[in-house]
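Step one of this worksheet: look at the structure below.
The values are calculated or read from the model by the stated rules, or taken from the named source; none is laboratory data. From a predicted model like this one, the values you see are computed outputs, not experimental measurements. Cβ atoms come from the backbone with ideal geometry, glycine included; neighbour counts cover every protein chain shown.
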């Protein structure tokens with residue numbers, strides 16, 4: 001049905017307007033919210049949102065389920081940790097290098113994935129994650145093994161040292177906003193359309209001239225670039241990283257964020273990231289029981305709202321259990337009338 | 001060149017299964033060639049072997065004088081060949097307009113920077129593409145579904161959308177694999193009318209696979225009948241209809 005009072009052009013502008021308003025609210029938040037813990041949660045959310053953008057591009061828009069995504073996040077973090085601590089490379093250099101190294105490795109990993117179906121892409125990338133962790137844990141001379149790298153220096157940007165919670169809040173918010181705009185624009189274009197075509201029906205897309213191999217490589221490389229950048233921010237933020245920060249559980253958390261937010265929705269990535277960063281703090285008191293909550297939320301999501309919070313209805317189809325029950329009820333009502 | 005497509009001794013073997021067994025035929029420019037045969041006779045396999053979904057075991061395929069034997073599917077649009085699929089390969093989670101616009105990608109000449117910055121060049125191509133897509137939607141009576149997600153639309157409309165996506169590619173040769181399958185007789189008639197209208201208007205050459213003999217008789221200019229991967233008979237519709245071999249294979253047609 002839709003809003004009849006909004007013309008098509010205004011409809012597109014409407015979502016841009018909402019995003020703009022949200023951004024301004026986020027900019028103003030530290031002036032209202034003084035609680036350092038809340039600021040910390042939001043900063044973490046922004047960093048995770050950037051990783052989720054990358055995953056959204058690869059999985060939500062292109063259909064490749066990269067279960068080893070934490071590896072690229074970790075690659076970015078380690079690159080920044082090493083360059084900043086050992087070589088004094090400035091912020092923008094580290095940010096760029098983290099993205100580039102993650103992207104190059106992403107490119108290489110994507111090549112065997114091109115011919116494979118979704119399940120095997122998941123396997124290959126999980127295997128890569130294990131390789132990454134094995135290297136990091138054992139290459140003591142460079143990565144300091146299981147102890148990780150600590151005392152990562154704070155970034156100095158245009159002469160100002162970013163060390164306070166508020167500083168990082170604004171830094172990560174800015175990087176997230178710029179990433180969001182760049183990725184939204186790409187997705188709205190021919191590239192984004194063709195990627196979604198590949199997701200929905202690869203052979204169908206190829207039959208109308210879409211170069212699936214080249215586009216998949218592009219999506220994977222770009223997605224891992226953003227993961228690397230997020231890793232850079234993460235390393236600067238917590239100043240000490242170790243291999244356990246990038247285990248498989250992180251990959252699944254990122255997936256959960258994307259699924260809950262809605263695969264195929266970039267704003268959904270932010271909401272998913274916020275949900276899985278903030279909500280776990282609320283049930284921290286449940287201690288041991290909270291380990292299964294992420295999984296429980298996923299099950300509920302699949303049952304009642306497979307397209308996530310902001311994803312498109314068509315992505316999930318009418319396959320949720322709630323939908324089936326609704327259909328059955330409607331059928332029964334019809335039969336009762338007759 | 002009189003013949004837009006020439007197929008010589010095409011063989012498509014899957015191990016011991018001879019799906020297409022030494023098939024030779026030609027297609028005249030601007031004609032509609034019907035391809036009929038009982039299920040499993042190899043019709044869709046011929047399409048797949050022609051368009052690079054499978055690599056032919058043997059044989060030669062010449063399109064407009066160029067040898068395209070075994071060339072991959074992604075190159076077909078460049079050569080000027082588009083196809084539809086028997087089991088609908090549309091993009092269910094996207095709008096009708098997006099589905100059609102994906103077919104028009106080759107006419108959008110923007111690079112990555114244009115896409116990131118939404119430059120004037122990008123806006124111009126997007127607008128042109130949307131206008132062209134909307135024009136085609138209006139021609140095929142699909143305008144009112146423009147913003148709907150394809151996955152939620154009725155089957156008949158989805159078939160029309162897949163046809164529209166192949167049309168916007170603006171090929172010289174259009175391969176249609178059972179476009180009317182699963183439609184009731186009224187929908188099938190409507191679709192065939194549309195196909196013939198578009199064919200005349202845009203000057204396409206069409207190879208049409210269908211089981212419906214009535215459709216074949218009324219739309220095909222020549223018919224190639226297949227059985228078990230081989231040619232059974234080829235000729236005018238009336239000839240095929242009365243050919244004893246065809247009647248035998250089909251037991252009277254529809």
| Inside segment A:105-124, can you point out the residues that are in a helix (DSSP H, G or I) and without any contact (Cβ under 8 Å) to a residue 60 or more places away in the chain? | A:108, A:112, A:118, A:119, A:120, A:121, A:122, A:123, A:124
| field | Positions within segment B:103-115 being under 20 Å from residue A:203 (Cα atoms) and within 7 Å of another protein chain (Cβ to nearest Cβ), in sequence order | value | B:103, B:105, B:106
| Can you spot a residue in segment A:133-146 that is touching a residue at least 60 places away in the same chain (Cβ under 8 Å) and in contact with a strand residue (DSSP E or B) (Cβ under 6 Å, 6 or more places away or on another chain)? | no
| task | Determine whether residue A:164 is modelled with pLDDT under 95, within 14 Å of chain B (Cβ to nearest Cβ) and surrounded by fewer than 24 Cβ atoms within 10 Å (Cβ to Cβ). | result | no
| query | Is it fair to say residue B:244 is out of contact with any strand residue (DSSP E or B) (no Cβ under 8 Å at 6 or more places or on another chain) and under 28 Å from residue B:10 (Cβ atoms)? | reply | yes
| task | Return yes when residue B:100 is touching a strand residue (DSSP E or B) at 6+ places or on another chain (Cβ under 9 Å) and within 11 Å of chain A (Cβ to nearest Cβ) and no when it is not. | result | no
| query | Limited to segment A:205-244, what total is found for residues that are within 12 Å of residue A:73 (Cβ to Cβ), more than 14 Å from every other protein chain (Cβ to nearest Cβ) and within 16 Å of the chain's Cα centre (by Cα)? | reply | 10
| request: Read through the list (1) surrounded by fewer than 17 Cβ atoms within 10 Å (Cβ to Cβ); (2) within 14 Å of another protein chain (Cβ to nearest Cβ); (3) in contact with a strand residue (DSSP E or B) (Cβ under 8 Å, 6 or more places away or on another chain), then give the number of the only condition that residue A:178 fails. | output: (3)
| message | Of the conditions (1) in contact with a strand residue (DSSP E or B) (Cβ under 9 Å, 6 or more places away or on another chain); (2) buried (at least 18 other Cβ atoms within 10 Å of the Cβ); (3) at the interface with chain A (Cβ under 9 Å from one of its Cβ atoms), residue B:56 satisfies every one except a single condition; which number is it? | response | (3)
| field | Per-region count, segment B:85-97, residues under 19 Å from residue B:144 (Cβ atoms) and more than 7 Å from chain A (Cβ to nearest Cβ) | value | 3
| task | May I ask you to verify whether residue A:223 is in a helix (DSSP H, G or I), surrounded by 24 or more Cβ atoms within 10 Å (Cβ to Cβ) and without any contact (Cβ under 8 Å) to a residue 60 or more places away in the chain? | result | no
| Candidate set from segment B:3-53 (those that are on the phi > 0 side of the Ramachandran plot and part of a strand (DSSP E or B)); member that is surrounded by the fewest Cβ atoms within 10 Å (Cβ to Cβ) | B:9
| Segments classed as helices (runs of 4 or more DSSP H), wholly inside segment B:63-171, with at least 2 members that are out of contact with any helix residue (DSSP H, G or I) (no Cβ under 6 Å at 6 or more places or on another chain) and either surrounded by fewer than 18 Cβ atoms within 10 Å (Cβ to Cβ) or not assigned by TED's automatic domain parsing to the domain that holds residue B:31 (or both) | B:76-79, B:112-117, B:120-139, B:155-168
| task | Test residue B:182 against the stated conditions and say whether it is closer than 24 Å to residue B:38 by Cβ and surrounded by fewer than 16 Cβ atoms within 10 Å (Cβ to Cβ). | result | yes
| How many of the residues making up segment B:134-168 are more than 10 Å from chain A (Cβ to nearest Cβ) and under 19 Å from residue B:105 (Cα atoms)? | 8
| task | Can you tell me which residue among B:187, B:200, B:193 is surrounded by 16 or more Cβ atoms within 10 Å (Cβ to Cβ), in the same structural domain as residue B:76 (by TED's automatic domain parsing) and not in a strand (DSSP E or B)? | result | B:187
